[in-house]
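Worksheet: the structure to be examined is printed underneath.
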Amino acid sequence: MQKNPKSNRDANIGLLWLAWVIIGFGFIAFDGSGGYFPGGALANSHPSNPHDQVKPFDHIILTWTGNPATSQAVTWRSPEIFKKSLAEIARAKASPDFVKNTKQIPAATIPLESDGDFFYYHSVNFTDLKPNTLYAYRVGNGEIWSEWFQFRTASRHAEPFSFLYFGDVQKKAFSLWSRSLRAAILKSPEVRFMLHAGDMVDHQNSNREWSEWFNAGGWIFASISSIPAIGNHEYNKNGENRPTLSKFWKPQFTLPENSISGLEETSYYLDYQGTRFVVLDSNKKIKQQARWLENVLKHNPNHWTIVIFHHPVYSSIRGRDNKKVREHWEPLFDKFQVDLALQGHDHVYARGRGPGKVDGPVYVTSVSGPKMYNLVRAEWMDRAGENLQLFQVISISRTVLNYQSITVAGEVFDAFDLVKKDGKTNELINRIPVE
């Protein structure tokens with residue numbers, strides 16, 4: 001029997017019309033496990049801004065609140081409250097059978113409201129760990145879990161190690177700062193932790209901006225510890241010149257509480273394999289911190305001392321001068337032979353010992369995000385630059401601190417060695433690349 005061409009054409013038109021109706025009014029999609037969901041739900045699973053997506057557990061980050069040789073803190077977030085939230089840990093082994101010997105630890109949970117949405121921040125501090133040991137952990141609610149991550153505890157003794165230092169991020173963390181972080185990890189995958197010199201976001205209470213920062217870090221934050229210093233953009237002055245801490249800071253970072261009252265988790269110190277790291281809050285209580293700082297530096301058994309804070313002792317751009325920081329902290333840095341001061345705030349690069357000084361700490365200001373200012377050069381600067389996204393790799397042994405500042409394109413922009421000589425001033429050996 002001969003087919004009717006007109007009937008075939010009408011049938012095709014009908015099929016096209018039906019497909020248009022289905023697309024226009026939604027469809028049913030199966031998820032591969034017997035469930036289904038409307039087309040609208042499927043469309044919303046890929047929103048226009050990926051930072052609006054919320055996983056069962058996200059913003060996973062390692063920090064320390066105690067001794068890095070025997071403890072490790074982890075913090076994470078969930079969009080809903082569970083009957084229980086916990087972390088699971090085990091000694092990591094080459095065999096996947098390590099999962100047969102795990103320990104579960106209940107989490108502390110803090111609710112937080114942001115722009116009408118509620119989130120729940122969970123934290124666990126793993127304790128009684130063995131030094132210099134590889135562990136695997138995951139977070140969850142007993143039924144739903146994150147993937148397994150790994151970390152290594154510090155040694156009890158002074159042993160060589162490397163770490164990263166990042167200047168300000170502030171804007172476009174996901175789209176542009178991410179390349180700084182990822183370039184740094186690809187360059188130096190053996191680093192043991194990261195220092196952040198403040199201004200990780202532009203608006204202190206923006207869930208969107210904090211989500212960008214965490215999404216940029218992803219599994220890196222969950223695997224390599226962070227030591228964050230607080231910047232002015234993590235505070236809100238509320239028009240009264242009284243800085244109010246970001247409501248996200250304490251829920252999302254589990255940090256030491258060994259500073260003065262009122263600066264818990266924004267000013268603190270910890271020791272790592274023969275080096276004391278002192279994090280200062282340069283936004284408030286600068287004079288009060290000086291008394292605490294003197295005690296921390298005076299009773300310091302470590303071979304090296306590094307301080308981290310946001311506002312530079314010597315500013316590198318026009319119109320800025322942090323007199324209180326210089327007045328109250330610099331004399332202590334000199335008196336107790338601090339080796340290195342890592343700073344942010346100015347969105348340029350500058351490195352030197354300060355005007356007219358041939359000893360004392362090496363002061364560094366750097367920037368890792370895309371927001372840039374114009375540099376004002378000064379004689380005290382051994383190396384300076386502008387409009388560069390940078391990361392710093394710092395390696396420490398008993399007698400030598402090696403420093404490199406590297407662009408996201410992989411070029412070494414600045415380098416020097418500090419050679420430790422007992423009872424004498426550190427020898428500074430410049431290794432600035434020839435341009």
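Here, each number is a calculation from the coordinates, and none is a lab measurement. Every value quoted in this text rests on a predicted model; they were computed, and no experiment measured them. Because the Cβ atoms are built from the backbone with ideal geometry, glycine has one as well, and the counts that use them run over all protein chains shown.
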Query raised in the report: Does at least one position in the range 215-229 carry a residue that is closer than 22 Å to residue 414 by Cα, surrounded by 23 or more Cβ atoms within 10 Å (Cβ to Cβ) and within 16 Å of the chain's Cα centre (by Cα)?
Result: no
Report task. Could you tell me whether the range 283-302 includes any residue that is closer than 17 Å to residue 68 by Cα, under 24 Å from the mean Cα position of the chain (by Cα) and not aromatic (Phe, Trp, Tyr)? Result -> no
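Conditions tested, residue by residue: (1) of a type in the set (Val, Ile, Thr); (2) at positive phi; (3) touching a helix residue (DSSP H, G or I) at 6+ places or on another chain (Cβ under 8 Å).
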position: 382; (1), (2), (3): no, no, no
position: 386; (1), (2), (3): no, no, no
position: 393; (1), (2), (3): yes, no, yes
position: 396; (1), (2), (3): yes, no, no
position: 412; (1), (2), (3): yes, no, no
Report summary line: Checked 389, 404 against criteria (surrounded by 18 or more Cβ atoms within 10 Å (Cβ to Cβ) and farther than 15 Å from residue 340 by Cα); the one match is 389
Query raised in the report: Just to be sure, is residue 273 on the phi > 0 side of the Ramachandran plot and surrounded by 19 or more Cβ atoms within 10 Å (Cβ to Cβ)?
Result: yes
